[in-house]
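Okay, so here's the structure we're looking at.
Readers should treat all values here as calculations from the given coordinates under stated rules, not as data from a laboratory. Since this is a predicted model, take the numbers as computed values, not measurements. All Cβ positions, glycine included, derive from the backbone under ideal geometry; neighbour counts span all protein chains shown.
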Amino acid sequence: MLFRQDILQGIAEGRVTLALRRWRRAPPAQGAILRTPVGVLSLDAVAVVEEGDITSEDIRRTGLSPAELRASLAGDGALLRMELRLVGADPRIALREQAPTETELEAIVARLARIDAASGSPWTKCYLQVIAEQPGVVSRVLAARVGAEVPPFKRRVRQLKELGLTESLEVGYRLSPRGRSVLDHLPGAGL
């Protein structure tokens, strides 16, 4: 679930406490956790509602104007009303700044080897190298460089991000300090 930056800031400040969205898949579960640029959000209550059930108080709590909300609700899918709140910082932020110990480095390298083995071909080091060499470059350019389509490329980069090795920028990615340590520790030649 994506939020505009001003809405994320409102959530962080406690001004925005409700999201209303059209949903075509199974809805997120009550209590689900979302990681966002401002931190981890909790979906404290999730319910399917009708447009006629939306109150002026609901609109105020979304941080949107009535016209913005109307425009955002155009389209198909169930209308979800989601109570949300900030519950803490994204743990990946602290993780990516931590220099790994020798034991952690060995564990990360082993994890990357398992990821490569499960995918049928090694890609993790190549992706880390490409991101290191071209920080802030749009994903379609990076994907082409490694011979991948954009959606699978982004999925793989998210796997690296989960380990604290990369971080998303407004455009593209960059290696985190942790990612740089891991890349420097990986065996083998470059691209």
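Here the simple spin-label model places points 7 Å from the Cα toward Cβ, and for residue 186 and residue 97 these points are separated by 2.5 nm.
With 0.36 nm allotted per residue and the present C-alpha distance subtracted, the residue 71-residue 47 stretch has 6.6 nm of extension available. Between residue 106 and residue 56, residue separation times 0.36 nm minus the direct Cα-Cα distance comes to 12.5 nm. Modelled label positions at residue 85 and residue 15, each set 7 Å beyond Cα in the direction of Cβ, lie 1.9 nm from each other.
Overall form of the chain: prolate. Here a/c, set by the Cα gyration tensor axes a ≥ b ≥ c, is 1.5 or more, and a/b is the larger of a/b and b/c. Computed about the Cα centre, the dipole magnitude for the chain is approximately 440 debye when only Lys and Arg (+1) and Asp and Glu (-1) carry charge, each at its Cβ. Taking every alpha-carbon pair under 8 Å whose residues sit at least 6 apart, the chain reaches a relative contact order of 21 percent.
How big is D for segment 5-89, in µm² s⁻¹ as a whole number, if Stokes-Einstein is applied with the Kirkwood radius of its Cα pairs at 10 °C and 1.306 mPa s?
So the translational diffusion coefficient is about 121 µm²/s.
What shape does segment 92-185 have by the C-alpha gyration tensor, where a ≥ b ≥ c are the square roots of the eigenvalues, rounded means a/c under 1.5, and otherwise prolate means a/b greater than b/c and oblate the rest? Taking the square roots of the gyration eigenvalues as a ≥ b ≥ c, segment 92-185 is oblate. Here the Karplus relation 6.51 cos²θ - 1.76 cosθ + 1.60, evaluated at θ = phi - 60°, turns the backbone of segment 33-43 into coupling constants of 10, 10, 9, 9, x, 9, x, 8, 10, 10, 8 Hz, with x for every Gly and Pro.
Phi angles across segment 68-82 convert, under the Karplus curve 6.51 cos²θ - 1.76 cosθ + 1.60 with θ = phi - 60°, into 3J(HN,Hα) values of 5, 5, 4, 5, 6, 8, 5, x, 9, x, 5, 8, 9, 10, 10 Hz, Gly and Pro given as x.
A cut-off of 5 Å between modelled amide H atoms, ignoring neighbours fewer than 5 places along the same chain, links residue 176 with 166, 167.
Over what distance in Å are the Cα centres of segment 95-118 and segment 37-51 separated? So the two Cα centres are separated by 33 Å. Computed extension length for residue 150-residue 22: 43.6 nm, one decimal, from 0.36 nm per residue of separation with the Cα-Cα distance subtracted.
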